[in-house]
Amino acid sequence: MKLSEKLAILEEEERRATDGMTAQTSPRRRTVNARPKRSGGSWDANKRKVLDLVREEIAPRMAGLSGPALGAEVKDALDRILQREDVQVSPMERRKFVRELIQDALGYGPLDPLLQDPTVTEIMCNSFDDIWVEREGRVHPTDGAFTDDVQYRQVIEKIVSAVGRRIDESSPMVDARLPDGSRVNAIMPPLAVHGSVLTIRKFAADPYEAKDLVNFGTWTMDLALMLEACVRGKLNVLVSGGTGTGKTTNLNVLSSFIPEGERVITIEDSAELQLQQSHVVNLEARPPNAEGQGEVRIRDLVKNSLRMRPDRIIVGEVRGPEALDMLQAMNTGHEGSMTTVHANSPRDALSRLETMVLMAGYELPVRAIREQIVSALHLIMQVDRMPDGRRVVTAVTEVQGLEGDVVLLQDIFHYRMLPSDGGKLAGELVATGLRPKLVDKLEALEIEVPAKVFRPPMATRPIHESRGRRVRVPSARELAEPERAR
Ligand SMILES: Nc1ncnc2c1ncn2[C@@H]1O[C@H](COP(=O)(O)OP(=O)(O)OP(=O)(O)O)[C@@H](O)[C@H]1O
Ligand SMILES: [Mg+2]
């Protein structure tokens, strides 16, 4: 009997047994993902034994096999071994046992169901039996586990070697990618003090669009209208935010406003952007090999991209001296370029840029750097992650010019917190009411932004009732004041 037929029979048996159990014992339903109770270490020991036998059996035929052919070979071997060997697993557990074995032999073991689960956006393994996931912005532990540390290390090596890299004591931290495009980072001892750590940022099969960000409350319709006009009008935009706040996602959505037909070059450490236009070239930096040779930095790619006739250059994230090349590109005919930076506020983003420009090694006076920044950058968008997991845009700020040595920043949109009942966080992104100077640039290109976009909410709820107390909500203009005063 073929394995598939056997599985069907086992499934039927399991279903009947479960129905019987549910009827007799408790009205509560069994959770689909519940891990079967293991009889001591026998489950893992059995799995290890069968896996070793599978590997032994298919090893001579492994070379040259991949994909479905390898899958069929593993399933046949498993079929033969389960018939031949005395495996102590109850009939109810058998189906799960076979499924886990196939995952272990062909995929990434306990990571497979998490990779297939569309609600999981990030997977974090701190050790073989300590796996966490992020769902809807919140981090939760899971009950999944690798059989042991050996299997955990094997999976890490499988992921890393598939992209031609290696992880060992001489190269203990690696960036890699899964075949589906998910971004992977692995770090092992002695750098990771308590054992290897694997972090996977899942690749969105269906990337967010502007309408999704509006639905999530990250953007407002008014902001979307303004951003679309800015991108079409080739203004240079910087997305700023902390780790995992949504910088790349916002950059990707911004890039969706680039008109079809322009030649776009994307440059990243690990290719994550998913542009939908037809004329896109993706470049990816390369770390040095084991001998410390062959490194290609973001900076080299930015310089190279200038010789590739780009209309726009999109750099996934500026972290170092490439900031200078990026600013120069923005200033010299590659308007409409975009990038992201790791910073906590628009002003912090500027000082990070200054520091990064200095890393290029030219002893530029601070004023000269600021002049470059001011003439290159038009807009900074600050993104943040709220404690409840929501991603919000907290400020959209125009870079207006230099006054003395100080860069003038003006908030166009600002996130204001609202008093709320029941301890739930509430806030909204509102226009500050100030008409940005960039509107003149856009009008010169006959791109119109409706005036209503910049209108602050009509003194919305200036007095708010909270637990019987009347609280005054500061106006958007008042919130913008401190930044203007700097
Ligand atoms: N507006 C949003 N609403 C909900 N989830 C979001 C939003 N933006 C991003 N995310 C999710 O947050 C996670 C991090 O997003 P993203 O990769 O864009 O962040 P990042 O700031 O670029 O991170 P890193 O600093 O690691 O590069 C992803 O799983 C993504 O799906
Ligand atoms: Mg990113």
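Which FRET efficiency value, to the nearest 0.05, do you get for K441 and V406 by plugging their Cβ-Cβ distance into 1/(1 + (r/R0)^6) with R0 = 30 Å?
On the way: r = 22 Å, r/R0 = 0.73.
The value I calculate is 0.85.
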Let me spell out the model: positive unit charges on the Cβ of Lys and Arg, negative unit charges on the Cβ of Asp and Glu, origin at the Cα centre of segment 107-206. What dipole size does that give, in debye rounded to 20? 360
Show the residues, 5+ positions off or on another chain, whose built amide H is closer than 5 Å to the amide H of T220. none
Cα centre as origin, Lys/Arg/Asp/Glu Cβ charges: segment 151-294 dipole, Debye: 140
Going down the list K303/K452; K49/K158; K75/K247, which pairs span over 32 Å between their C-alpha atoms? K303/K452; K75/K247
Pull up all non-local amide H partners of L377: gap of 5 or more, or a different chain, and H-to-H distance under 5 Å with H placed in the peptide plane. none
Could you check the simple spin-label distance between D180 and D86, using points 7 Å along Cα→Cβ, in nm with one decimal? 4.1
Reachable aspartates and glutamates from K437, criterion Cα separation under 14 angstrom, eight or more residues apart if same chain: E398, D411, E448
For 334-340, 345-351, ranked highest to lowest by mean beta-carbon neighbours within 10 Å, the order is 334-340, 345-351
Using a Cα-Cα cut-off of under 12 Å, which aspartates and glutamates could be cross-linked to K234, ignoring same-chain neighbours fewer than 8 residues away? E262, D311, E335
If R₀ is 30 angstrom, what is the calculated FRET efficiency for the pair S161 and D117, using the beta carbon separation as r and rounding to 0.05? 0.75
Based on the Cβ-Cβ distance of A45 and E136, what FRET efficiency does E = 1/(1 + (r/R0)^6) give at R0 = 30 Å, to the nearest 0.05? 0.20
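Calculate, in nm to one decimal, what A290 and S375 gain on full extension: separation in residues at 0.36 nm each, minus their alpha carbon distance.
26.5 nm
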Ordered by residue, what ³J(HN,Hα) values in Hz, to whole numbers, does segment 238-247 give under the Karplus form 6.51 cos²θ - 1.76 cosθ + 1.60, where θ = phi - 60° and Gly and Pro are x? 10, 9, 10, x, x, 5, x, 7, x, 4
Each residue of segment 294-301 in order: what ³J(HN,Hα) in whole Hz does its phi give by Karplus 6.51 cos²θ - 1.76 cosθ + 1.60, θ = phi - 60°, with x for Gly and Pro? x, 5, 10, 8, 4, 4, 4, 5
Leading residue at positive end of dipole, segment 107-206 (Cβ point charges), from M173, G109, Y152: M173
Among L213, L251, I200, the residue whose Cα sits farthest towards the positive end of the charge dipole of segment 99-258, when +1 is placed on the Cβ of each Lys and Arg and -1 on the Cβ of each Asp and Glu, is L251
Pop out the Kirkwood hydrodynamic radius of segment 210-485 from its pairwise C-alpha distances, inverse of mean 1/r, in Å to one decimal. 19.6
5 Å is the cut-off here: which amide hydrogens, built 1.01 Å from N in the peptide plane, fall below it relative to S182, excluding neighbours closer than 5 in sequence? F203
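Since every read-out is calculated from the coordinates, none of them should be taken as a lab result. Just so it is clear, the structure is predicted and the values come from calculations on it, not from any experiment. Glycine also receives a Cβ, built like all others from the backbone with ideal geometry; neighbour counts cover every protein chain displayed.
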